[in-house]
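So the structure is just underneath, and the comments pick up after that.
The values are calculated or read from the model by the stated rules, or taken from the named source; none is laboratory data. Everything numeric in this text was worked out from a predicted model, so none of it was measured. As a convention, Cβ positions derive from the backbone with ideal geometry for all residues, glycine included, and neighbour counts pool all protein chains shown.
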Amino acid sequence: MEGPGLGSQCRNHSHGPHPPGFGRYGICAHENKELANAREALPLIEDSSNCDIVKATQYGIFERCKELVEAGYDVRQPDKENVSLLHWAAINNRLDLVKFYISKGAVVDQLGGDLNSTPLHWAIRQGHLPMVILLLQHGADPTLIDGEGFSSIHLAVLFQHMPIIAYLISKRQSVNMTDVNGQTPLMLSAHKVIGPEPTGFLLKFNPSLNVVDKIHQNTPLHWAVAAGNVNAVDKLLEAGSSLDIQNVKGETPLDMALQNKNQLIIHMLKTEAKMRTNQKFRLWRWLQKCENIITLAETGCLDFRTFCTSCLIRKPLRSLHCHVCNSCVARYDQHCLWTGRCIGFGNHHYYIFFLFFLSMVCGWIIYGSFIYWSNHCATTFKEDGLWTYLNQIVACSPWVLYILMLATFHFSWSTFLLLNQLFQIAFLGLTSHERISLLKQSKHMKQTLSLRKTPYNLGFMQNLADFFQCGCFGLVKPCVVDWTSQYTMVFHPAREKVLRSV
Ligand SMILES: [Zn+2]
Ligand SMILES: [Zn+2]
């Protein structure tokens with residue numbers, strides 16, 4: 001065969017596609033001279049019968065190679081650059097020739113070229129998966145390290161050949177295999193290949209996230225931060241990489257990011273740290289609750305009438321679970337619409353002050369409005385009658401009228417609630433919730449229930465003293481009861497005396 005036939009044959013047997021991303025991320029140094037030569041377009045040769053064996057191997061001219069080998073050429077003999085025929089066949093994906101050379105005694109793991117690589121290393125750099133499969137089937141060792149210190153899986157990661165990575169791992173190549181510097185494929189990927197892949201791809205194979213390399217003692221996250229590889233940082237954080245491991249200089253990934261002044265990565269690391277702290281806190285709370293339940297159950301106190309199924313705690317006496325605030329509130333009074341939160345043991349007295357001062361201010365505004373009208377409007381209720389008086393004051397200042405109406409509205413509810421609260425506190429010793437509950441209960445009871453005859457009613461003075469926690473010139477002393485942790489009735493020093501007087 002000669003002429004056009006051969007030419008087209010040579011053209012069709014080119015070197016295959018260039019690997020995607022080859023040399024993109026500062027990995028040009030990993031190329032060697034042979035690889036560079038191999039990637040150049042092969043010139044067409046006119047006459048295959050005169051090809052030397054290297055050229056015939058590169059072009060995949062099987063007949064010519066066979067002819068030369070049968071004529072006595074030693075397939076193990078390297079060329080002047082110490083590259084074997086198997087290397088040339090592997091880099092050009094010549095499957096038939098590789099099978100042929102191996103059958104003729106070629107050494108599968110022959111080291112050659114500037115980088116002291118095996119044919120498998122060459123095939124991986126070029127991304128020839130069928131060649132990788134064939135070489136492994138013939139006993140190639142993927143754990144061998146090349147002159148740059150990389151094993152097969154490291155090269156596949158560096159040159160981003162995902163199918164080869166997946167195949168090597170499936171063939172029991174460790175995803176945590178270390179190179180000469182103790183770097184795992186994940187570290188190499190995070191450091192050398194900017195972008196989400198192959199870091200994200202490697203993470204699917206469950207690699208060790210927190211191993212460190214031999215020299216810098218960096219984790220994969222350290223390497224990603226060092227390279228400013230935002231996508232890799234994101235993937236590693238999502239996978240749960242540790243934020244606390246320190247490298248040989250005592251730096252965490254965050255320290256490294258602060259040094260590099262990479263604001264986006266600093267933000268990502270800080271946000272993740274905050275989120276993890278919250279998760280730990282939630283877990284701690286959960287464990288506390290579990291311990292609580294065990295203690296209650298084992299001491300015979302796990303009574304579902306006094307156990308909050310939302311907070312998973314034993315409810316203190318007089319407390320109630322508020323479904324708006326989603327927590328148990330000690331000495332619960334009400335969920336106040338005006339303040340938007342629960343009124344209970346901790347803030348009940350502030351609520352009384354709030355009502356008191358609101359009533360005072362509204363009363364003062366109402367008083368001020370009438371003073372304004374008496375001074376500025378030429379009308380009086382007595383002289384002109386109600387209708388004329390109202391018309392006159394509306395015409396005099398509609399704004400003052402509007403303020404008066406508003407103040408009157410707030411005065412009415414705040415005064416009503418204040419009086420109601422003071423009555424409950426001073427005369428009944430009850431909260432609003434307890435009073436309403438007792439009133440509801442009394443509807444279903446035959447005998448009338450006296451709201452004043454409860455264990456919490458200790459008499460007018462004592463009730464006020466206990467509520468506001470202040471004495472009255474030695475007449476009464478406040479009794480301190482912590483209602484957030486009171487589970488049983490308390491003996492009150494004034495109780496006996498007061499109960500008799502009710
Ligand atoms: Zn609760
Ligand atoms: Zn509430």
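Across the stretch 320-342, which residue is nearest to Phe354 (Cα to Cα) among those that are more than 8 Å from ligand 1 (Cβ to nearest atom) and among the small types (Gly, Ala, Ser)?
Across the stretch 320-342, the extreme among qualifying residues is Gly340.
Which of the helices (runs of 4 or more DSSP H) contained wholly in the stretch 213-262 include at least 3 residues that are assigned by TED's automatic domain parsing to the domain that holds Met275 and surrounded by fewer than 22 Cβ atoms within 10 Å (Cβ to Cβ)?
Because the criterion is at least 3 residues that are assigned by TED's automatic domain parsing to the domain that holds Met275 and surrounded by fewer than 22 Cβ atoms within 10 Å (Cβ to Cβ), the helices (runs of 4 or more DSSP H) in the stretch 213-262 that meet it are 230-239, 253-260.
Within the stretch 387-402, is even one residue within 30 Å of Met489 (Cα to Cα) and more than 16 Å from ligand 2 (Cβ to nearest atom)?
Within the stretch 387-402, the subset within 30 Å of Met489 (Cα to Cα) is none.
So far as the stretch 387-402 goes, no, none of its residues is within 30 Å of Met489 (Cα to Cα) and more than 16 Å from ligand 2 (Cβ to nearest atom).
Given the conditions (1) of a type in the set (A, V, I, L, M, F, W, C); (2) modelled with pLDDT of 85 or more; (3) closer than 29 Å to Ile313 by Cα, report the number of the one that Phe423 does not fulfil.
Exception for Phe423: condition (3).
Would you mind stating whether Glu81 is more than 25 Å from Pro198 (Cβ to Cβ), assigned to a helix (DSSP H, G or I) and not aromatic (Phe, Trp, Tyr)?
On the way: more than 25 Å from Pro198 (Cβ to Cβ): yes; assigned to a helix (DSSP H, G or I): no; not aromatic (Phe, Trp, Tyr): yes.
Judged against the criteria, Glu81 is not a match.
Name every residue in the stretch 440-464 that is assigned to a helix (DSSP H, G or I), out of contact with any helix residue (DSSP H, G or I) (no Cβ under 8 Å at 6 or more places or on another chain) and polar (S, T, N, Q), in order of residue number. Quick ask: steps written out before the conclusion?
Let us first name the residues in the stretch 440-464 that are assigned to a helix (DSSP H, G or I), namely 440-443, 460-464.
Now narrow it down to the ones that are out of contact with any helix residue (DSSP H, G or I) (no Cβ under 8 Å at 6 or more places or on another chain): 440-443, 461.
Matches in the stretch 440-464: Gln441, Ser442.
Report the residue count in the stretch 141-163 for those that are closer than 11 Å to Thr118 by Cβ and surrounded by 22 or more Cβ atoms within 10 Å (Cβ to Cβ).
Result for the stretch 141-163: 5.
Only one of these conditions is not met by Leu287: (1) aliphatic (A, V, I, L, M); (2) away from ligand 1 (no atom under 16 Å from the Cβ); (3) surrounded by 11 or more Cβ atoms within 10 Å (Cβ to Cβ). Which number is it?
The failed condition is (3).
Of the conditions (1) within 16 Å of ligand 1 (Cβ to nearest atom); (2) of a type in the set (Lys, Arg); (3) surrounded by fewer than 16 Cβ atoms within 10 Å (Cβ to Cβ), Arg282 fails just one. Which one is it?
Against the list (1) within 16 Å of ligand 1 (Cβ to nearest atom); (2) of a type in the set (Lys, Arg); (3) surrounded by fewer than 16 Cβ atoms within 10 Å (Cβ to Cβ), Arg282 comes up short only on (1).
Identify, by number, the condition in (1) crowded, with 17+ Cβ neighbours inside 10 Å; (2) of a type in the set (Gly, Ala, Ser); (3) more than 20 Å from Ala166 (Cβ to Cβ); (4) free of Cβ contacts under 8 Å to residues at least 60 places away in the same chain that Gly113 doesn't meet.
(4)
Against the conditions (1) at pLDDT 85 or above; (2) in contact with a Gly (Cβ under 6 Å, 6 or more places away or on another chain); (3) over 24 Å from Leu418 (Cα atoms), where does Val498 fall short? Just the number, please.
Condition not satisfied by Val498: (1).
So for the stretch 71-85 (the condition being more than 26 Å from Phe150 (Cβ to Cβ) and touching a Gly at 6+ places or on another chain (Cβ under 7 Å)), does at least one residue qualify?
Going through the stretch 71-85, the residues more than 26 Å from Phe150 (Cβ to Cβ) turn out to be 71-75, 77.
From what is left, the residues that are touching a Gly at 6+ places or on another chain (Cβ under 7 Å) are 75.
Yes - at least one qualifying residue is present in the stretch 71-85.
Being in contact with a helix residue (DSSP H, G or I) (Cβ under 6 Å, 6 or more places away or on another chain), among the hydrophobic types (A, V, I, L, M, F, W, C), within 30 Å of His433 (Cα to Cα) and away from ligand 2 (no atom under 16 Å from the Cβ), is that true of even one residue in the stretch 284-294? Talk me through it step by step, then tell me what you get.
Taking the stretch 284-294 first, the residues in contact with a helix residue (DSSP H, G or I) (Cβ under 6 Å, 6 or more places away or on another chain) are none.
No, the stretch 284-294 contains no residue that is in contact with a helix residue (DSSP H, G or I) (Cβ under 6 Å, 6 or more places away or on another chain), among the hydrophobic types (A, V, I, L, M, F, W, C), within 30 Å of His433 (Cα to Cα) and away from ligand 2 (no atom under 16 Å from the Cβ).
Out of Arg341, Arg276, which single residue is within 16 Å of ligand 2 (Cβ to nearest atom) and either of a type in the set (Lys, Arg) or assigned by TED's automatic domain parsing to the domain that holds Asp234 (or both)? Before the answer, list the steps.
Details: Arg276 fails: within 16 Å of ligand 2 (Cβ to nearest atom).
Result of the check over Arg341, Arg276: Arg341.
So which residues in the stretch 391-429 are aliphatic (A, V, I, L, M) and more than 21 Å from Cys362 (Cα to Cα), if there are any at all?
Initial filter on the stretch 391-429 (aliphatic (A, V, I, L, M)): 393-395, 400-401, 403-407, 417-419, 422, 425-426, 428.
Residues satisfying the conditions are Ala395, Ile425, Ala426, Leu428.
Within the stretch 90-121, how many residues turn out to be over 25 Å from Gly149 (Cβ atoms) and part of a helix (DSSP H, G or I)?
Result for the stretch 90-121: 9.
Name every residue in the stretch 314-332 that is surrounded by 18 or more Cβ atoms within 10 Å (Cβ to Cβ) and either more than 13 Å from ligand 2 (Cβ to nearest atom) or among the basic types (Lys, Arg) (or both), in order of residue number.
If the condition is that a residue be surrounded by 18 or more Cβ atoms within 10 Å (Cβ to Cβ) and either more than 13 Å from ligand 2 (Cβ to nearest atom) or among the basic types (Lys, Arg) (or both), then Arg314, Lys315, Pro316, Arg318, Arg331 are the ones that fit.
Six or more apart or on different chains, Cβ atoms under 9 Å: show the pairs whose first residue is in the stretch 302-315 and under 15 Å from Gln288 (Cβ atoms) and among the aliphatic types (A, V, I, L, M) and whose second is outside any loop (DSSP other than H, G, I, E, B) and within 7 Å of ligand 1 (Cβ to nearest atom).
Ile313/Cys328
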